[in-house]
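Before any comments, here is the structure.
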Amino acid sequence: MSDVTYQLVLQFPEAAFSDFDALVRYEDSLLAVLGDRHEVDGHDMGSGEVNFFVITDDPQGALMEIRGSSGGLLSHPGLRVAARPTNADVYEPLWPVGDLRPFTLA
């Protein structure tokens, strides 16, 4: 187990969710997939984006679990995923694979 804790962020364009209920259903799906192995730490909305936060010591493992889920949790074309150690400010893009654009939170 790692000594470093990470914040994993799943970032969608706000238009990805038809209403607040759809956003809550997505968060519930994350909770179901990640169980107690990773902590789903809520979401925020604003500036045209929706971010879901996961606290974990294994961001790649959490991403693999989300990716392997049957609910298409990574299927939206505008989704970006990145992680950072909780004691740092710079996010490392993880999804889509090969995306080298800087990752920021609005």
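Structure summary
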read-out: Test: residue in region 53-60 that is β-branched (Val, Ile, Thr) and in contact with a helix residue (DSSP H, G or I) (Cβ under 6 Å, 6 or more places away or on another chain); value: yes
read-out: Subset of region 87-106 [exposed (fewer than 10 other Cβ atoms within 10 Å of the Cβ) and not charged (D, E, K, R)]; value: ASN87, VAL97, GLY98, LEU100, PRO102
read-out: Single condition GLY78 does not satisfy, out of (1) surrounded by 10 or more Cβ atoms within 10 Å (Cβ to Cβ); (2) of a type outside the set (Lys, Arg); (3) under 14 Å from LEU30 (Cβ atoms); value: (3)
read-out: Pick from region 1-37, criterion of a type outside the set (A, V, I, L, M) and in contact with a Pro (Cβ under 9 Å, 6 or more places away or on another chain), ranking: surrounded by the most Cβ atoms within 10 Å (Cβ to Cβ); value: TYR6
read-out: Residue check, ILE55 touching a residue at least 40 places away in the same chain (Cβ under 8 Å), on the phi < 0 side of the Ramachandran plot and either surrounded by fewer than 18 Cβ atoms within 10 Å (Cβ to Cβ) or more than 14 Å from the chain's Cα centre (by Cα) (or both); value: yes
read-out: Whichever residue in region 74-93 is touching a helix residue (DSSP H, G or I) at 6+ places or on another chain (Cβ under 7 Å) and at pLDDT 95 or above and, among such residues, is nearest to PRO13 (Cα to Cα); value: VAL81
read-out: Check on GLY71, on the phi < 0 side of the Ramachandran plot and either in contact with a helix residue (DSSP H, G or I) (Cβ under 9 Å, 6 or more places away or on another chain) or modelled with pLDDT under 95 (or both); value: yes
read-out: Filter result for VAL50 (more than 11 Å from the chain's Cα centre (by Cα) and of a type in the set (A, V, I, L, M, F, W, C)); value: no
read-out: Some residue of region 82-99 being in a helix (DSSP H, G or I), touching a residue at least 24 places away in the same chain (Cβ under 8 Å) and of a type in the set (D, E, K, R); value: no
read-out: Segments classed as strands (runs of 3 or more DSSP E), wholly inside region 1-64, with at least 2 members that are of a type in the set (S, T, N, Q); value: 6-13, 49-56
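The values are calculated or read from the model by the stated rules, or taken from the named source; none is laboratory data. Quick caveat, the model's predicted, so the values are computed rather than measured. Note: ideal-geometry Cβ built from the backbone for every residue, glycine included; neighbour counts use all protein chains shown.
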